[in-house]
Structure formats: C-alpha cells, structure tokens
Amino acid sequence: MPSLLALLFGALLATTLPAQSGTRVVMLGTGTPNPDPGRSGPAVAVVVNGTAYLFDAGTGVMRRAAQAAGNGIDALLAPRIGLVFLTHLHSDHTIGLPDVIHTGWIAGRARPLRLFGPPGTVELARHLTEAWSADIANRTHGLQPHTVEGWRVAARDIVEGVVYQDSQVTVTAFAVPHAGWKVSFGYLLQTKDKRVVISGDTRPSDAVVKACAGCDLLIHEVYSSAKFAGLDSSWRRYHADAHTSTAELAALATRARPKLLVLYHQLYWGASDADLLREVRKRYAGAVVSAKDLGVY
C-alpha cells in the first residue's frame, strides 16, 4: 500500500501538472566514459503521454532528468521514473543506476524500480542494494518520511524479443555486437505515433537496419572517421570492434531510412558536432542532427 507521503505527492502532481501527450525523446546524457562537464553519461528517455521509459543510466542522469522536468517534461520528475532498460553493462551506461534507484525513492517513488537488461542485470541490482544497505536501513528505521517499497529493484534478465508492453508502448530488444559482450542490446519502441530505435553501443549492425526500416527516429552512437586514423593502433582495434564510424553510420542510415538520424555517445577526439555532421552528410542525404544533453525530438 502506498505511504501517506506517496499519496500526497501523487495528489499534488495530479492537481498542478498539465497533461502531456504524444511521444518525445529526451536526451538526458549523450556522453561517453570520457569525463566531459558538458555531457552526462548515456541516458535516453522516451516519454509517452506522461510516462518515462529510461534507456541506460549514465553519470548525472537524475540531475539531467530534474533539468528536463524543470523545462516542463513532468514525466521526468524523480519519483515518476520507474522503468529502466539497459543496453549493456559497461560502467558508463550503468554508473548512474544507484542515483535512479535512491533519488527516486527519497523523492517519493512508492513502487520498486522496474529494471530490464542483459544477463547480469539481476545480479547488478542485487549488489547495488547490498552496497547501499546502510543507507536503506538508516532511512527506513529513522525519522525520515519514506515509502516502504521505493528502494527495491524488480530486475529481470531479458533475451531478444518483446521485453515490455503496456497500453502505450511495446519495447523490443535486439542483439547488437559490442566489444566482446556476449549479450548487448539495441531497442525498438513502438508507440501510437512513433517508431523509435536506440542503438546502444554497437559496431555497424544489420539488426539496427532491420529494426528501424523507415522508423521515425534512429538514435545511434558514432565516432569521427576523420580522427580515427590518429589513434594508437590498440585503440583503433578496440573502437572498430566496439563502435560505428561516421562513414559506417552514413551507409547504415541510408539502408535504414529513418525520418531523423540522431547522433549520440559521440566520440569526437578533437572533432566538433559540425565535423561529425559533415562526415555523415558526405555519404548520407537524410535528415541528421548531433544531439546535446537535454535535446528533445
């Protein structure tokens, strides 16, 4: 049963926040493992009729969510974030997960956070709960008002196929190749008004092309082809196995035919957004943007 705090917070939201309809994609983080003060770690929120579906949880995710909520996207208020989907278990995509779990709880989330991801996700959630056990004990047994279940995580290890469905969205996971991970996912979201594909981290993959197939938004990671040659040979070998160059993405997007291609998780290596766009446009004639944190599409 929801606590008095959760009921009061829910009533407040219902009376003060306007209804918001349709599908919007909010870039909560476009960064990489490299620390960049201007870019939080990878996190993409798909907001459908006031519900947020969060994909990955990089550094700074809840601060960016609070900024987006301050910009009028009410679904990204901390206690409302209750569904998270992980593409893979690299640290830059998961390091903000404790923030999602505990900040949402402190703010009044009444139900356990629902977490979906590749094999290892259940273990990750268990270890995170154990790591914050002292905090949980202090808040639940002390004077701080709190909900009973909000700190819990209902985690699930998933396989390819439909992994989540409700009245607003169908979420389908598909396997992509990335840096030796046995399982790494991209996601297709089908809502009433949009088809959205999120690549996650991947080298060029036919699975992304198949999932998109003329989708409204293809959100795809990328690195600069022009700057790649200047890397140490060991890093070139790694990035060629793990990620997608601007030239490769141009070829992929030409086949996938998205209405809008959105670049994220950009590896610049000294290039700029304008440079990335020039590199892509040399071989791709469709609409393309290079996303920044808090961009909305």
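The values are calculated or read from the model by the stated rules, or taken from the named source; none is laboratory data. Computed from a prediction, not measured in an experiment: that's the story for all the values here. No Cβ is skipped: glycine too gets one built from the backbone with ideal geometry, and neighbour counts run over all protein chains shown. We work out accessible area using only protein heavy atoms, side chains counted, and drop any ligands, DNA or RNA first. Shrake-Rupley method; radii C 1.70, N 1.55, O 1.52, S 1.80 Å.
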Rg and Dmax of segment 173-297, Cα atoms only, in Å: 13.8, 46
Projected area, mean over directions - segment 22-115, Cα convex hull, nm²: 5.5 nm²
How much solvent-accessible surface does Asp241 expose, in Å² to the nearest 10, with a 1.4 Å probe and all protein chains in place? 60 Å²
Volume of the Cα convex hull of segment 86-135, divided per residue and given in Å³: 77 Å³
Dividing the Cα radius of gyration by the Kirkwood radius, what Rg/Rh value follows for the chain? 0.98
Phi-derived 3J(HN,Hα) across segment 38-51 with the Karplus relation (6.51, -1.76, 1.60, θ = phi - 60°), rounded Hz, x for Gly and Pro, is x, 9, 6, x, x, 6, 10, 9, 9, 9, 10, 6, x, 10
So if each residue of separation counts as 0.36 nm, and I subtract the Cα-Cα distance between Lys259 and Arg237, what length gain in nm does that give? 4.7 nm
Going by average Cβ density within 10 Å per residue, which order do the peptides 41-51, 176-186 take, highest to lowest? 41-51, 176-186
Contact order relative to length of the chain, as percent, for alpha carbon pairs under 8 angstrom and 6 or more apart: 16 percent
Dipole size in debye (nearest 20) for the chain around its Cα centre, Lys and Arg Cβ +1, Asp and Glu Cβ -1? 580 debye
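For segment 243-286, count the residues as N, evaluate 2.2 N^0.38 Å, and divide the Cα radius of gyration by that value, please.
Here the Cα radius of gyration is 1.07 times the empirical estimate.
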Dimensions (Å) - segment 223-270, Cα atoms, principal axes, largest first: 36, 19, 15
Once you compute Rg and the Kirkwood Rh from C-alpha atoms, what is the Rg to Rh ratio for segment 57-163? 0.97
How high is the relative contact order of segment 169-297, in percent, with contacts defined as C-alpha pairs under 8 Å that are six or more residues apart? 23 percent
Determine the per residue accessible area of segment 226-297 with all protein chains present and a 1.4 angstrom probe, expressed in square angstrom. 49 Å²
Per DSSP H run of n ≥ 4, the term is -39500 (n - 2.57); total these for the chain, divide by its residue number, and report the mean residue ellipticity at 222 nm rounded to 500 deg cm²/dmol. -9500 deg cm²/dmol
Calculate, axis by axis, the spread of Cα positions in segment 55-106 along the three principal axes, and write the results as whole Å, longest axis first. 31, 20, 16
Across segment 157-174, in residue order, what do the Karplus-derived ³J(HN,Hα) couplings come to in whole Hz, using 6.51 cos²θ - 1.76 cosθ + 1.60 with θ = phi - 60° and x for Gly and Pro? 7, 10, 10, 4, x, 5, 10, 7, 8, 9, 5, 10, 8, 10, 10, 10, 9, 9
For segment 29-72, convex hull of alpha carbons as volume per residue, Å³: 64 Å³
Which entries in Lys210/Lys292; Lys182/Lys227; Lys210/Lys259; Lys227/Lys259; Lys182/Lys210 show an alpha-carbon gap greater than 24 Å? Lys210/Lys292; Lys182/Lys227; Lys227/Lys259
Given 155-167, 248-260, the highest-first ranking by average Cβ count within 10 Å works out to 248-260, 155-167
Could you give the DSSP H helices of the chain that reach 20 angstrom or more along their long axis (alpha carbon positions) and whose average Kyte-Doolittle hydropathy is no lower than 0.0? none
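How big is the Cα convex hull of segment 104-258 in projection, averaged over all directions, in nm²?
11.9 nm²
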